[in-house]
1. Against the condition within 16 Å of ligand 1 (Cβ to nearest atom), at pLDDT 95 or above and touching a Lys or Arg at 6+ places or on another chain (Cβ under 9 Å), how does Ala452 come out, does it pass?
2. Inspect the range 398-411 for any residue being in contact with a Gly (Cβ under 8 Å, 6 or more places away or on another chain), hydroxyl-bearing (Ser, Thr, Tyr), surrounded by 16 or more Cβ atoms within 10 Å (Cβ to Cβ) and not in a loop (DSSP other than H, G, I, E, B) and give the result as yes or no.
3. Scan the range 482-493 and tell me whether some residue there is touching a strand residue (DSSP E or B) at 6+ places or on another chain (Cβ under 9 Å), more than 14 Å from ligand 1 (Cβ to nearest atom) and under 19 Å from Arg255 (Cβ atoms).
4. Kindly check whether there is at least one residue in the range 305-312 that is more than 16 Å from ligand 2 (Cβ to nearest atom) and surrounded by fewer than 18 Cβ atoms within 10 Å (Cβ to Cβ).
5. Somewhere in the range 269-283, is a residue of a type in the set (A, V, I, L, M, F, W, C), closer than 29 Å to Gly365 by Cβ, touching a Pro at 6+ places or on another chain (Cβ under 7 Å) and away from ligand 2 (no atom under 16 Å from the Cβ)?
6. What's the total number of residues in the range 75-133 that are polar (S, T, N, Q) and either within 19 Å of Gln52 (Cα to Cα) or free of Cβ contacts under 8 Å to residues at least 24 places away in the same chain (or both)?
7. List pairs: first in the range 441-469 and in a loop (DSSP other than H, G, I, E, B), second away from ligand 1 (no atom under 14 Å from the Cβ) and acidic (Asp, Glu), Cβ under 8 Å, 6+ apart or cross-chain?
8. With respect to Asp93, determine if the residue is touching a Pro at 6+ places or on another chain (Cβ under 8 Å), surrounded by 15 or more Cβ atoms within 10 Å (Cβ to Cβ) and either on the phi < 0 side of the Ramachandran plot or not in a loop (DSSP other than H, G, I, E, B) (or both).
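The values are calculated or read from the model by the stated rules, or taken from the named source; none is laboratory data. These numbers come from a predicted model, not from an experiment. Counting neighbours? That spans all protein chains shown, and the Cβs are built from the backbone with ideal geometry, glycine included.
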Amino acid sequence: MKITDMEKVSKIEIIKRKSRQLRGTIKEALKDDQPKFSEDNIQVLKFHGVYQQDDRDLRKQLKKDGKEPHYSMMIRARIPGGVLSPSQYLVFDRLADEYTDYKNMRITTRQTIQLHGILKGDLKTTISTLNEALVTTLGACGDSGRNTICCAAPGDEPYRDEMNHDVNAIAEQLSAKSNAYHEIWLDGKPIQLEDGQTEEPLYGDTYLPRKFKVAIVPEGDNCLDVYDNDLGLVAHIVDGHIQGYTVLVGGGMGRLAVDQDTYPRLASPLCYVARSEAIDTILNTCVAIVSIERDFGDRANRRFARMKYLIDRRGLDWFREELETRIGRKLEPPKHLEWNNGHDHLGWHRERDGISYLGLFIPYGRIKDTETMLLKTALRDIIKDFQLTVRFTSQQNVILSGIADELRPIIEEQLSSAGVPLPDKLSNVRQNTMACVAFPTCGLALAESERALPDLVPQFEQLFDELNLSNEEITIRMTGCSNGCARPYNANIALVGRAPGKYDLFLGGSSLGTALNERFRELVPFDQLVQTVRPILESFVQERQSGEDFGSYWRRAGLKKHSC
Ligand code: SRM
Ligand code: SF4
């Protein structure tokens, strides 16, 4: 596409086109003494896994004092399937101490790590150090394939290795190929591009209209909300091996509270693809799906650019036919799917003979030391001392894997003396909560989330205890705005920030991630959230049918009873 053809496209499309495959003028800007980047570079930097932010706690006072905001960068790594070797984890841990304002690390809802508060002058060192440890940030943000996620639980059945292989193969296939990353961060030799020449066989020079998310799960275990992704692959296991995948398309959570035409959508089952000996068929199908979004996605209005809107505008049948044309064969219908788990893989589990893994609850994904819990130190010491593989989960938790049985009591003791509780000491409610980052770093936050949910959880715990609901799987998720980064719209109870101290309350959903919730109340003050939920849980306890979960109760009777 030429710039002259792009009059009807959004501003960001023009920035992408002008960026010469993600170069922009970032390299030059890294040498100036400004604390921030230009608007165009800010957009291009996202493709490199970098967001420019400013500390919103300081913003007002600095403005009052006539000073510039305190600018810093957030970097997000791309870690397919969330797996890090011990040495890779330790590099993150060290970089957090050496180069971030906040001295902590954030596990994201897509199984990766963000470091917040890096000064512009330290950006290159941070990214190149990660690269030396074979970790990239390329494609962690921006309009291309984002971190490909996969159920993080380890195990000795062959399908676990196969899924791990496939998640990496898909991530590689969907990663940007531009040499810009090497030129900017790793002092790579510049490539001279002829006019019209592209280094991006899949993406071309304007990449995708919007972000694109892919997830893989084994059938039955929806620990990562596969239906919330643009492209979901559900592995069908036969005799311990992946026989094939049911392909889901068009999921996404993002909505804008002020625009009723935007909405969350669960992905639709599209087809079944057998996993032949090589996984070429799967890869070709994924690439063809991405190329449909590339060619037909909305490039004029970013609000409607995700693939879910393309599918709803043109229809799933159109999408299927287009895919069949691109891959040159008829698609098999999707298989029937059943789910029996939505919980994260917390606690001790058998990994293989004599070896276990431990899923640890990380409060709202933040790995930090506090006065009462030396979480960051304890994880660093345990991972270093016992050389454990680290797996991040999509519910912002950590799995430590490869633990020899004889080490279990030693590790438990180390955690206990650091004040880190094992999951069996935590309530079900707590284990089923998630909160997005929000303040002070997220530029889009309207209300607190990660810093507010810890105050609500004890109140919910007390309420659940009173109502004898402590063993129930009821998910509670909070976000600081309607974008949905903690996937609130399929939680049973969602608190979505609308204004400072005010939240929209959504109810229904499903703890298995298979149903969307509905907005029940708008702009509820923070201190009234739990009491607004109380009468609803009371009705649930009194009126539920045998074996009925909260989401099903709400859809059957709760909504009718409580809407007024
Ligand atoms: Fe998100 C934008 C944080 C997962 C939907 N998200 C942002 C930004 C980058 C704000 C911005 O654009 O300036 C946030 C940075 C905050 C900060 O200070 O760190 C941000 N999103 C996050 C993370 C860190 C939340 C967390 O607490 O873990 C997650 C990082 C994931 C990753 O590693 O890649 C994160 N974001 C999600 C998810 C959940 C998921 O992917 O499973 C969603 C909903 C699913 C989806 O994409 O539909 C999500 N984030 C959004 C949206 C709305 C997109 C849309 O289609 O409308 C935005 C806003 C945007 O893109 O314009 C957004
Ligand atoms: Fe920021 Fe909103 Fe995402 Fe929370 S949901 S991290 S406030 S964009």
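1. Values: within 16 Å of ligand 1 (Cβ to nearest atom): yes; at pLDDT 95 or above: yes; touching a Lys or Arg at 6+ places or on another chain (Cβ under 9 Å): no.
No, not satisfied.
2. So far as the range 398-411 goes, no, none of its residues is in contact with a Gly (Cβ under 8 Å, 6 or more places away or on another chain), hydroxyl-bearing (Ser, Thr, Tyr), surrounded by 16 or more Cβ atoms within 10 Å (Cβ to Cβ) and not in a loop (DSSP other than H, G, I, E, B).
3. Among the residues of the range 482-493, at least one is touching a strand residue (DSSP E or B) at 6+ places or on another chain (Cβ under 9 Å), more than 14 Å from ligand 1 (Cβ to nearest atom) and under 19 Å from Arg255 (Cβ atoms), which makes the answer yes.
4. Going residue by residue through the range 305-312, those that are more than 16 Å from ligand 2 (Cβ to nearest atom) are 305, 307-312.
Restricting the remaining residues to those that are surrounded by fewer than 18 Cβ atoms within 10 Å (Cβ to Cβ) gives 312.
Within the range 305-312, one or more residues are more than 16 Å from ligand 2 (Cβ to nearest atom) and surrounded by fewer than 18 Cβ atoms within 10 Å (Cβ to Cβ).
5. No - not one qualifying residue is present in the range 269-283.
6. Count: 8.
7. Leu467/Glu538
8. no
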